[in-house]
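Everything below concerns the one structure shown next.
The values are calculated or read from the model by the stated rules, or taken from the named source; none is laboratory data. Not measured: the values here are computed from a predicted model. Cβ placement follows ideal geometry from the backbone for every residue including glycine, while neighbour counts extend to all protein chains displayed. Keep in mind that these areas ignore ligands, DNA and RNA; they rest on the heavy atoms of the full protein, side chains included. Shrake-Rupley method; radii C 1.70, N 1.55, O 1.52, S 1.80 Å.
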Amino acid sequence: DTTICPTDIPQKYWMEAYDPERRRIETLPKGFIVLRNFLSRKEQLDFAYRILVELSNSPHTNLTNLYGRQPDLWDEACSSNDFTKFDKLRWISLGYRYDWTERQYIHDDITPFPDDISKLARNAGSTAQYPGWDEFVSEAGIVNFYALKSSMGGHVDDAEIDGSKPVISFSLGCACIFLMGGPTRNDPVLPVILRS
């Protein structure tokens, strides 16, 4: 087995030519918008790297909920060549902590929301041509981790206090099928293939 730490990733993967002309806005029913080719490979790798190296140490993850504050996961994994603890990492809360049991944000339990991720969400909103996104400031975010063959159950994103802005979601890694439903489980489902 070989451990890949950021310094081991060849430059050619980071610096692949990116053509912003390949970006497309795909408007689907129910107000669902997909931004195809929104991020270059380098931006995707930078984003994934930041999540794994820095944000996995957030005070609010499923690991801290289960086991208390964890040591620096990335440093520990690289120094021990054991990445198995990442297998148990399922989510990270950014900004306002989300209480999965009560399905609500905890407004007196907040960590700083990363400026670069807020900027990325603002750029996505502007690219999708939502009005007012130039001034948008993110306050809460959830990073979900999926293993191969895993899935998320059907749910409605309805915990946000301000429903005037859409939920922005970035999918990195393996391709997946996103199922866009309606307010009830009986509504027809629209399958959308997402690729990183």
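Roll a 1.4 Å probe over the protein heavy atoms and report the accessible area of C176 in Å², nearest 10.
For C176, solvent-accessible area is about 50 Å².
With a point put 7 Å past each Cα toward its Cβ, work out how far D75 is from K42 in nm, to one decimal.
So the two model labels end up 2.9 nm from each other.
Subtract the Cα-Cα distance of R22 and Q104 from 0.36 nm times their separation in residues, and report this length gain in nm to one decimal.
Result: 25.8 nm gained on full extension.
Considering only protein heavy atoms, what per residue accessible area in square angstrom results for region 30-146 with a 1.4 angstrom probe?
56
For Cα extents along the principal axes in Å, which listed value, (1) 48, 38, 36; (2) 51, 46, 32; (3) 48, 44, 35, comes from the coordinates shown?
Of the labelled values, this structure produces (3).
Go ahead and set up a Gaussian network model of the chain, Cα springs under 10 Å, then flag whichever of P71, P114, P166 fluctuates most.
With Cα springs under 10 Å in the chain, the top fluctuation among P71, P114, P166 is at P71.
So if each residue of separation counts as 0.36 nm, and I subtract the Cα-Cα distance between K30 and S150, what length gain in nm does that give?
40.6 nm
In nm, give the distance between the simple-model label positions of E135 and N62, each being 7 Å from the Cα along the Cα-to-Cβ direction.
About 3.8 nm, to one decimal.
If we sort 44-55, 144-155 on the protection proxy, mean other Cβ atoms within 10 Å, highest first, what's the order? Mind dumping the intermediate values first?
On the way: 44-55: 16.2, 144-155: 9.8.
Per-residue mean Cβ counts within 10 Å order the peptides as 44-55, 144-155.
Run the helix sum for the chain: -39,500 (n - 2.57) per DSSP H stretch of 4+ residues, divided by residue count, reported at 222 nm to the nearest 500 deg cm²/dmol.
-6500 deg cm²/dmol
For region 93-145, which trypsin sites (Lys or Arg not before Pro) pass both filters: DSSP loop (anything but H, G, I, E, B) and at most 16 other C-beta atoms within 10 Å?
R103
Apply the a/c threshold of 1.5 to the C-alpha gyration tensor of region 86-196 and tell me whether it is rounded, prolate or oblate.
On the way: a/c = 1.32, a/b = 1.18, b/c = 1.12.
Here region 86-196 falls in the rounded category.
Which whole-number percent gives the relative contact order of region 134-192, counting Cα pairs below 8 Å spaced six or more residues apart? Working shown, then result.
On the way: 21 pairs, mean separation 12.1, N = 59.
Worked out over region 134-192, it gives 21 percent.
Within region 109-152, what residues put their amide N at less than 12 Å from the label point 7 Å along the Cα-to-Cβ vector of V167?
Within reach of a label on V167: 141-144, 152.
Could you tell me the accessible area of V189 in Å² (1.4 Å probe, neighbours in place), rounded to the nearest ten?
80
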